[in-house]
Structures are given as C-alpha cells and as structure tokens.
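Following: one structure in structure tokens, then a few remarks.
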Amino acid sequence: MDLATLIRNVPDFPKPGIQFKDITTVLLDAAAFHEIIDGWRARYAEHEITKIVGVEARGFIFGGALAYAMSLPFVPARKRGKLPAPTLSETFQLEYGTDTVEMHEDAITAGDRVLLVDDLLATGGTMAAVARLVRRLGGEVVEAAFVVELPPLRGREALRGIPVHCLVEFMVA
C-alpha cells in the first residue's frame with residue numbers, strides 16, 4: 001500500500017506557506033491503519049521494548065494502538081498543564097518561540113526500553129524534548145517511529161543519536 005497517496009496535503013495550514021500533511025485520511029482507511037500498526041508490531045517485536053511513549057496529540061493514536069497490539073504500557077507525553085499527577089517538563093524551541101512537554105514522574109522507570117511514536121517528524125524539537133524526559137526518568141530510547149518525515153526540515157539532526165524510522169517522506173515541506 002502506498003501510504004503517501006493516502007495522506008492529504010492542506011496548503012497554507014496553519015499559516016500561509018505551510019503544506020500541512022494530514023494523516024486523518026490514513027485513519028479513514030482501516031487497511032492502511034492496520035498495515036502501519038501491524039508493520040510496527042513486527043518491526044519492534046524483537047527490540048525488547050517495555051513502554052511506548054506517544055506524543056500529543058496524533059502520536060496518541062498510533063502509539064496507543066501499537067501499545068495495545070504489543071500488550072505494552074502506553075505513556076502520554078503532553079503539553080504543559082494537561083497531566084494531573086506530578087510531572088517532569090522539558091522546554092524546547094519552536095520557529096516562533098518555545099513550548100513545553102511533560103510526562104508523569106512515575107511513567108518511566110530505570111531500565112525501561114522505550115519506543116517514541118508520533119505521526120510526523122518535522123524539526124524534531126518536540127521529540128528531542130520527549131527523549132530527554134525519558135532519559136531523565138532513567139529510560140533508554142530504543143527508537144523514534146513516525147508515519148511521515150519532512151527531510152527538508154532536518155528533524156533527524158535534533159534526534160542525533162536516536163535511531164529514527166519513518167514510513168513516508170515528503171521532500172516538500
């Protein structure tokens with residue numbers, strides 16, 4: 001299945017000049033969604049993953065489904081102020097300022113082997129911050145998995161030292 005043909009391009013969203021890659025069209029195709037989750041389940045079956053971290057918001061969709069398929073705990077990484085128990089936070093740079101991501105302090109334990117999941121790799125700032133949180137909590141980041149990558153935005157550079165797996169690349173950001 002050619003996932004690239006299922007991903008909708010939305011010009012000038014959320015602002016002029018941006019070509020937004022909308023994965024909701026993939027979610028409307030049950031066979032494609034199954035292919036992604038089943039493919040990742042097979043890919044990570046021998047990696048001895050102990051937890052899957054999904055990044056708000058679309059990373060919850062793919063990460064949650066994969067955690068279920070692999071019978072693993074799912075850990076949400078959320079924007080500041082969205083988690084109810086004590087958290088650790090990491091602030092990171094955006095093109096227009098900063099943002100902060102948080103995880104519960106008890107979400108990752110020493111020795112956990114963690115897979116990070118999100119829908120899209122652009123600049124890598126969010127995922128790099130999530131990786132720092134995992135490490136601060138004593139976990140090891142095994143890999144970061146994405147449905148879509150935008151290589152011109154050089155997100156892999158922000159994730160240096162972390163293996164990255166992407167299913168589809170779009171050379172036009």
- Query: Using alpha-carbon pairs under 8 Å, 6+ residues apart, how would you state the relative contact order of the chain in percent?
  - Reply: 18
- CD proxy, 222 nm, the chain: helix-only mean residue ellipticity via -39,500 (n - 2.57) per DSSP H run with n ≥ 4, per residue, nearest 500, stands at -8500 deg cm²/dmol
- Radius 12 Å from Cβ of residue 83, net charge of other residues (Lys, Arg +1; Asp, Glu -1): 0
- Query: Between residue 12 and residue 30, 0.36 nm times their residue separation minus their Cα-Cα distance comes to what?
  - Reply: 3.7 nm
- Candidate lysines - alpha carbon under 23 Å from residue 21, same-chain residues fewer than 8 apart omitted: 79
- Task: State, as an integer percentage, the relative contact order of segment 1-55 based on alpha-carbon contacts under 8 Å between residues 6 or more apart.
- Result: 23
- Message: Could you derive backbone 3J(HN,Hα) for segment 87-94 from the dihedral phi with the Karplus parameters 6.51, -1.76 and 1.60 (θ = phi - 60°), listing whole Hz in sequence and x where the residue is Gly or Pro?
- Response: 10, 10, 10, 9, 9, 9, 7, 10
- Query: In a shell of Cβ-Cβ distance under 12 Å around residue 50, excluding residue 50 itself, what net charge do Lys and Arg (+1) and Asp and Glu (-1) give?
  - Reply: -1
- Note on the structure: FRET efficiency (residue 3, residue 160; Cβ distance; R0 22 Å; to 0.05) is 0.25
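Laboratory data are not the source of any read-out in this text; all were calculated from the coordinates shown. On a predicted model such as this, the values are computed, not experimentally measured, just so you know. Virtual Cβ from ideal backbone geometry, glycine too; neighbours counted across all protein chains shown.
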